[in-house]
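Let me begin by presenting the structure, written as structure tokens, before commenting on it.
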Amino acid sequence: MPLPDCLYCRRDQRLHDVMIPITSLQVFLLDLFKEQTHRGRCLVAYQGHVNKLFELAAPELP
Ligand SMILES: [Zn+2]
């Protein structure tokens with residue numbers, strides 16, 4: 001369940017200030033950081049909100 005204060009759940013201006021959405025995968029989102037000191041730095045975020053990997057259902061685990 002999305003959390004109201006989570007940057008990745010809300011995907012609001014705070015996120016768009018620092019990242020560029022690249023694509024939406026089956027259960028993950030891929031965003032590229034605008035700050036590219038480390039070229040290609042990106043983030044893969046689960047489309048939902050979990051605190052630990054073990055909270056994911058088996059089919060969603062990488
Ligand atoms: Zn979240």
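Derivation of every value follows stated rules applied to the coordinates shown; laboratory data play no part. Given the structure is predicted, the values throughout are model-derived calculations rather than measurements. Please note: Cβ atoms are built from the backbone with ideal geometry, for glycine as well, and neighbour counts cover all protein chains shown.
Overview of results
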{"quantity": "Added length on full extension, which subtracts the Cα-Cα distance from 0.36 nm per residue, ARG41 to GLU60", "calculated": "4.5 nm"}
{"quantity": "For the chain, Cys with no neighbouring Cys Cβ under 4.7 Å", "calculated": "CYS42"}
{"quantity": "Percentage relative contact order, the range 7-60, counting C-alpha pairs under 8 Å, at least six apart", "calculated": "26 percent"}
{"quantity": "Residue-count net charge about TYR46 - beta-carbon cut-off 10 Å; Lys, Arg +1, Asp, Glu -1", "calculated": "-2"}
{"quantity": "3J(HN,Hα) from dihedral phi, the range 44-51, Karplus parametrisation 6.51/-1.76/1.60, rounded to Hz, x for glycine, proline", "calculated": "10, 10, 5, 7, x, 9, 9, 9"}
{"quantity": "Note, ³J(HN,Hα) from phi for the range 18-32, Karplus 6.51, -1.76, 1.60, rounded to Hz, x at Gly and Pro", "calculated": "10, 9, 10, x, 9, 7, 10, 8, 4, 10, 10, 10, 10, 10, 9"}
{"quantity": "Exposure proxy ranking, count of Cβ atoms within 10 Å, fewest first, for HIS38, HIS49", "calculated": "HIS38, HIS49"}
{"quantity": "Estimated D of the range 7-60 in µm² per second, where Rh is the Kirkwood radius over Cα pairs and Stokes-Einstein applies at 25 °C, 0.890 mPa s", "calculated": "203 µm²/s"}
{"quantity": "Unit charges on C-beta of K, R, D, E only; dipole of the chain, Debye", "calculated": "160 debye"}
